[in-house]
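Since the structure comes first, as structure tokens, the remarks are kept for the end.
The values are calculated or read from the model by the stated rules, or taken from the named source; none is laboratory data. Small disclaimer: the values here were computed from a predicted structure and weren't measured. Counting neighbours? That spans all protein chains shown, and the Cβs are built from the backbone with ideal geometry, glycine included.
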Amino acid sequence: MTATEIPRTVTEVMTVGDPRQERRRHKKYVYRDGKVAYWLVLPAIALLGVFVIWPAIYAGYLSFQDWSFYKDPEFVGWRNYVNVLTDPLFWAAIGRGFVFVAMTVPPMLILAFAFSSLVVAVSRRAASVLKVSIYLPTIISTVITSIIFVIIYDYSGGLLNAGLGLFGISPVAWIGDPKWALLSIAIPAIWLGMGLTSLIMVAAMVDIPAEYYEAAAMEGANWWQKTFFITIPQMKNIILYLLVTGFVAAIQQLDLPLIMTQGGPLDSTTLPNLFIFNHFTNDVNVGYSIAAALLLFVVLGTVSALIFRFVNSERLVD
């Protein structure tokens, strides 16, 4: 008996080679897999709806109300938004937020890139020590960090002014002078954000194929040429991600200015979230604060979209 004469069951004869049966079987498995996937995603969707989607919808509703904790909501239309948009203090806080972003995000990315390059270049044991040391600030509470830097910046007994005194430089009121206060907050913000940013960059650098560097070395490329023509282009997506997340985190900074300066002196450190927080705690009309928060969300979304538009993200091909 030849191979072609081997007997088959009735089901095999009906299904093998029948495209309709194959399509039915494929749809059956696809439906079963999709159903399981929906059940697995359902808890996350439920939590997202309860804690994100519904509060956002209700916040949008309250932004059109004259509402406080002491009276029922009263519909006022666009009045809250008009009040926010015509408030010069709101726009001053937004502008100050962009200045704070410029003070923190570019230096943090540059320093993290330099540190990551060092980690990749040293031995494995030294790299482990460096990664642990750079990540330590990330696990420190923002409150503790704020207190530490307030002590460092103290006018009369701070470590920074004591160090400057060794060189004959007069003490500086770092968090008491509007000229220096925002910069004084930017430094601990960079210190806190360096850890996670550096580790993400290290992971991206390790993932770059070594063959690229070997080929460049054979062509006589130096470190700078390898960095600008291999490392940075290969890390374009990671840098874009860190740029967007760094921008969002910096412009929404609340803890550092709240604890270190309370928004002063002369509102020089009142960032957008602190502006909204102060209105929420001091103004009986909560609708104004909600409208300001939603407008800040629009600003963040618009700038993030512009960053994605002008810094194109490309999928790397091995």
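Just a few scattered comments:
- Here Lys71 clears all of (1) exposed (fewer than 13 other Cβ atoms within 10 Å of the Cβ); (2) farther than 30 Å from Val244 by Cα; (3) touching a Leu at 6+ places or on another chain (Cβ under 7 Å) except the condition numbered (3).
- Among (1) surrounded by fewer than 18 Cβ atoms within 10 Å (Cβ to Cβ); (2) assigned to a helix (DSSP H, G or I), the one test that Leu266 misses: (2)
- Among the residues listed as Tyr135, Tyr153, the single one being over 25 Å from the mean Cα position of the chain (by Cα) and either of a type in the set (Ser, Thr, Tyr) or not assigned by TED's automatic domain parsing to the domain that holds Leu256 (or both): Tyr153
- Pairs with Cβ under 8 Å, 6+ apart, first in the stretch 81-96 and farther than 17 Å from Leu183 by Cα and touching a residue at least 24 places away in the same chain (Cβ under 8 Å), second in a helix (DSSP H, G or I) and small (Gly, Ala, Ser): Tyr81/Ala291; Asn83/Ala291; Val84/Ala291; Val84/Ala292; Phe90/Ala292
- Check on Phe247, in contact (Cβ under 8 Å) with a residue 60 or more places away in the chain and in a helix (DSSP H, G or I): yes
- Selection of the stretch 197-217 for residues being more than 17 Å from Phe113 (Cα to Cα) and aliphatic (A, V, I, L, M) yields Ala210, Ala215, Ala216, Ala217.
- Just one of the listed residues (Ile151, Ile169) is assigned to a helix (DSSP H, G or I) and not basic (Lys, Arg), namely Ile151.
- The set of residues in the stretch 269-288 that are assigned to a helix (DSSP H, G or I) and either more than 28 Å from Ile144 (Cα to Cα) or in contact with a Gly (Cβ under 7 Å, 6 or more places away or on another chain) (or both) comprises Pro272, Leu274, Asn278, Val286, Gly287, Tyr288.
- Selected residue (only one of Ile169, Ile200, Ile187 is assigned by TED's automatic domain parsing to the domain that holds Leu254 and closer than 18 Å to Pro265 by Cβ): Ile187
- Condition check for Phe308: surrounded by fewer than 18 Cβ atoms within 10 Å (Cβ to Cβ) and either in contact with a Cys (Cβ under 9 Å, 6 or more places away or on another chain) or closer than 20 Å to Met108 by Cβ (or both): yes
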